[in-house]
Amino acid sequence: GAVVSQHPSWVICKSGTSVKIECRSLDFQATTMFWYRQFPKQSLMLMATSNEGSKATYEQGVEKDKFLINHASLTLSTLTVTSAHPEDSSFYICSASGGSSNQPQHFGDGTRLSIL
Amino acid sequence: AQSVTQPDIHITVSEGASLELRCNYSYGATPYLFWYVQSPGQGLQLLLKYFSGDTLVQGIKGFEAEFKRSQSSFNLRKPSVHWSDAAEYFCAVGAQGNNDMRFGAGTRLTVKP
């Protein structure tokens with residue numbers, strides 16, 4: 001149980017394009033979803049927290065207009081990297097939880113984004 | 001705000017040997033503590049968690065961790081390491097349960113045959 005699917009797993013695109021990453025909870029309702037960014041050989045950095053039906057809360061230093069997050073349903077959240085540039089290349093990981101404080105986050109397999 | 005320190009960036013152990021990965025946290029109240037494992041190019045898998053109760057927590061794949069409040073530690077242990085345990089291990093602390101979670105820098109485990 002508690003499976004989180006993230007798609008695509010790898011994307012390569014040209015600079016200036018926008019890229020959408022999907023995060024789905026397959027067998028539970030995810031009231032809260034989290035988006036992380038991970039640089040090579042480094043830890044996960046929380047970018048934003050989203051609750052279903054409300055605006056995402058972004059961490060300090062994360063541009064909300066650059067990284068658009070939508071959490072329109074209890075099983076789907078999307079992260080759109082707008083007008084992507086090479087410095088946006090990274091490993092992006094989502095996680096989801098049922099919302100109760102005693103439930104851990106369950107992680108997707110991540111998306112490797114490469115901007116040429 | 002809460003924070004996590006994993007003092008060891010890289011650890012190498014022989015297959016069959018015991019393992020202990022260190023984790024120290026900083027938080028004023030009782031923390032929620034987690035250990036995750038990440039294989040290259042993949043997401044994170046939860047090994048175990050501590051919320052309250054018994055301070056010795058059993059997880060998957062034969063791992064266990066012990067919460068020691070006096071030392072602000074939550075070290076991960078395994079009595080006999082398998083080659084498939086080679087991966088990156090992250091300790092995390094949550095101030096409000098699963099929300100507002102902060103990760104340590106990670107410890108990379110290499111297993112020698």
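The table below lists the values:
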{"item": "Overall form of the protein assembly as shown per C-alpha gyration tensor (a/c, 1.5; a/b vs b/c)", "result": "prolate"}
{"item": "Coarse-grained scattering of the stretch A:1-87 at q = 0.14, 0.23 Å⁻¹, given as base-10 log I(q)/I(0) from a Debye sum over alpha-carbon atoms", "result": "-0.50, -1.27"}
{"item": "Dipole magnitude of the protein assembly as shown about its Cα centre (Cβ charges: Lys, Arg +1; Asp, Glu -1), debye to nearest 20", "result": "180 debye"}
{"item": "FRET efficiency estimate (nearest 0.05) - Cβ-Cβ, A:I12 to B:E15, R0 30 angstrom", "result": "0.25"}
{"item": "10 Å Cβ neighbours from other chains, averaged over peptide A:34-44", "result": "4"}
{"item": "Relative contact order (%) - criterion: Cα under 8 Å, at least six apart; region: chain A", "result": "37 percent"}
{"item": "Isolated Cys residues of chain A, judged by Cβ distance under 4.7 Å to other cysteines", "result": "A:C13"}
{"item": "Protein accessible area in the protein assembly as shown, 1.4 Å probe - carbon and sulfur %", "result": "49 percent"}
{"item": "For B:27-36, mean number of other protein chain Cβ atoms within 10 Å", "result": "1"}
{"item": "Averaged over A:24-33, number of beta-carbon atoms from partner chains that fall within 10 Å", "result": "0"}
{"item": "Members of A:K20/A:K41; A:K64/B:K68; A:K41/B:K112; A:K14/B:K61 lying beyond 31 Å, as alpha-carbon distances in this model show", "result": "A:K64/B:K68; A:K14/B:K61"}
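The values are calculated or read from the model by the stated rules, or taken from the named source; none is laboratory data. Keep in mind the model is a prediction, meaning the values are calculated, not measured. So basically every Cβ, Gly included, is an ideal-geometry build from the backbone, and we count neighbours across all protein chains shown. What goes into the accessible areas is simple: the full protein's heavy atoms, side chains included, and nothing from ligands, DNA or RNA. Shrake-Rupley method; radii C 1.70, N 1.55, O 1.52, S 1.80 Å.
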